[in-house]
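S.K.: The structure that follows is given in the form of structure tokens.
Nothing in this text is a laboratory measurement; each read-out follows from the coordinates by a stated rule. This one's a predicted model, so the numbers in the text were calculated from it and none came from an experiment. Glycine gets a Cβ as well: all are built from the backbone with ideal geometry, and neighbour counts include every protein chain shown.
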Amino acid sequence: MTKRITKAVIPAAGLGTRMLPIARAVPKEMLPIVDRPAMSYLVEEAAKSGITDILIITGRGKEAIENYFDYSTEYDSRLLAKGKESTVKELHREAEEVNVHFIRQLEPKGLGHAIRRAKSFVGNEPFAVLYGDDIIFSEVPVVKQLIGLFEKYGKAVVGSKEVTVEQIQKYSSLKVESTGTKDEYFVSDMIEKPSPDQIFSLLTILGRVILTPDIFDILDNTEPGAGGEIQLTDAMKVLSNTVGMTALIFEGTRYDLGSKLGLLTANVDRALRDESIGPAFREYLKTVCKGL
């Protein structure tokens, strides 16, 4: 019987150089999608997937993330004085719906190095990883979708999508075999940023994985790879080569919050679906587009 997944790790220590100059002052994970920071959506997805404890791995200058998942007596007192108890309850809900823990990466040595910092938090349990740059809007939370596949096969899972030949060379390529069920695959190998002659398939890892605790022993013996950093993909490659992994083409739309275009499209899509501003915003976009 597979262990129930109750823990998640969100690496959020990156500098966000693609989002300069704002990233110098505001962590990219705290950039807004309408009226909530990106990190709020990640924590919400984990909570709705049955996660009870989340470790957010930060770095210097990321204090705003920790402050967000805390009470604000200044706002509470001001809102309560205006009779806005429901607003206070909503603000407290985000701080209370899961246990959010924090640790710093200390050195910018790559995603694999960051995940290694979660070893004592995770212990001997399987856990979810939500990449801090990736926001995914879906009917069923993507982490919950991946947990379903983990419970089916008892193996680590990567959330996947098919991309173009040009895109796959910037991501990772998976060597897969169908399980016989639509959108589900066994993974036996993978490669980070492949050259055209190294591409296994056009399936790549995008933003969500379920890992087993044996990943930590592998990370302890993983040498620096691309960019001189310890790459999580290199460790997962070893896992796929040995005990094997699985992949799920998840349902949902993914936005790269590490890019300006990704942030803008996420805001537009979310705003159009917002009951309070969606209709007016849709009319505004129609007016703007007519003038272009």
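S.K.: First measure r as the distance between the Cβ atoms of GLN198 and LEU272, then evaluate 1/(1 + (r/R0)^6) with R0 = 30 Å and state the FRET efficiency to the nearest 0.05.
M.R.: 0.15
S.K.: For GLU139 and LEU106, compute 0.36 nm times the residue count separating them, minus their Cα-Cα distance, and round to one decimal in nm.
M.R.: This chain segment gains 8.3 nm when fully extended.
S.K.: Another one. What's the angle, to the nearest 10 degrees (0 to 90), between helix 278-290's Cα axis and the longest principal axis of the chain?
M.R.: Once rounded, the angle reads 80 degrees.
S.K.: Add +1 for every Lys or Arg and -1 for every Asp or Glu among the other residues with Cβ under 15 Å from the Cβ of LEU80, and state the total. Don't skip to the end; give the middle numbers.
M.R.: Working: positive: ARG78, LYS82, LYS84, LYS89; negative: GLU74, ASP76, GLU85, GLU90.
Once all neighbours under 15 Å are counted, the net charge is 0.
S.K.: Once all Cα-Cα distances of segment 50-176 are split into 5 Å bins that start at 0, what whole-number percent is in each one?
M.R.: Cα pair-distance distribution for segment 50-176, in percent: 2, 7, 13, 16, 18, 16, 12, 7, 5, 3, 1, 0.
S.K.: May I pose another question? How far is it, in nm, from the label point at ALA81 to the one at THR179 when both lie 7 Å from their Cα along the line to the Cβ?
M.R.: Placing both labels 7 Å beyond Cα along the Cβ direction yields 5.6 nm.
S.K.: Per DSSP helix of 4 or more residues, -39500 (n - 2.57); summed, then divided by the residues of the chain. What does that give at 222 nm, rounded to the nearest 500?
M.R.: Dividing the helical sum by the residues of the chain leaves -10500 deg cm²/dmol.
S.K.: Now a separate question. Projecting each Cα onto the charge dipole of segment 182-290 (Lys/Arg +1, Asp/Glu -1 at the beta carbon, about the Cα centre), which of GLY258, ALA226, PHE281 comes out farthest on the positive side?
M.R.: Result: PHE281, furthest along the dipole toward the positive end.
S.K.: Whole number please: convex hull volume per residue, Cα atoms of segment 7-258, in Å³.
M.R.: Enclosed volume per residue, from the Cα hull, is 134 Å³.
S.K.: Going by a ≥ b ≥ c, the root eigenvalues of the Cα gyration tensor, does segment 1-87 fall in the rounded group (a/c under 1.5), the prolate group (a/b larger than b/c) or the oblate group?
M.R.: Oblate.
S.K.: Still on this structure, please answer the following. Would any residue of segment 50-70 have its amide N under 14 Å from a label point 7 Å out along Cα→Cβ of ASN99? List them or say none.
M.R.: Those under the cut-off are 51-56.
S.K.: Moving on to the next point. Give me Rg/Rg_expected for segment 152-292, where Rg uses Cα atoms only and Rg_expected = 2.2 N^0.38 Å with N residues.
M.R.: The reported ratio for this selection is 1.31.
S.K.: While we're looking at this one, here's another question. What list of ³J(HN,Hα) couplings, whole Hz, do you get for segment 40-49 from phi and the Karplus terms 6.51, -1.76, 1.60, once you set θ to phi - 60° and write x for glycine and proline?
M.R.: Each residue's phi maps through the Karplus curve to give 4, 5, 5, 5, 4, 4, 5, 4, 6, 9 Hz.
S.K.: Sticking to Cα atoms, compute the Rg of segment 120-186 to one decimal and its Dmax as the biggest Cα-Cα distance, whole number, in Å.
M.R.: 13.7, 39
S.K.: If you place +1 on the Cβ of every Lys and Arg, -1 on the Cβ of every Asp and Glu, and leave all else neutral, what size is the dipole of the chain about its Cα centre, to the nearest 20 Debye?
M.R.: In total the dipole reaches around 440 debye.
S.K.: Another question, if that's okay. Report, by chain and number, residues whose modeled amide H sits under 5 Å from the one on ASP189, excluding near sequence neighbours (fewer than 5 apart, same chain).
M.R.: Those qualifying (amide H under 5 Å, at least 5 residues apart or on another chain) are LYS175.
S.K.: Hey, another quick one. If the convex hull of the alpha-carbon atoms of segment 34-85 is projected onto planes in all directions, what is the mean projected area in square nanometres? Present the calculation step by step, with values, prior to reporting the outcome.
M.R.: Numbers: hull surface 20.4 nm².
Orientation-averaged projected area of the Cα hull: 5.1 nm².
S.K.: Can you list residues whose amide H is under 5 Å from ILE205's amide H, if they're 5+ apart or on another chain and H is modeled 1.01 Å from N?
M.R.: Distant-sequence amide H within range of ILE205: SER172.
S.K.: Here's something else I'd like to know. Compute the label zone of THR52 within segment 124-167: residues whose backbone N is under 17 Å from the point 7 Å along Cα-to-Cβ.
M.R.: 124-128
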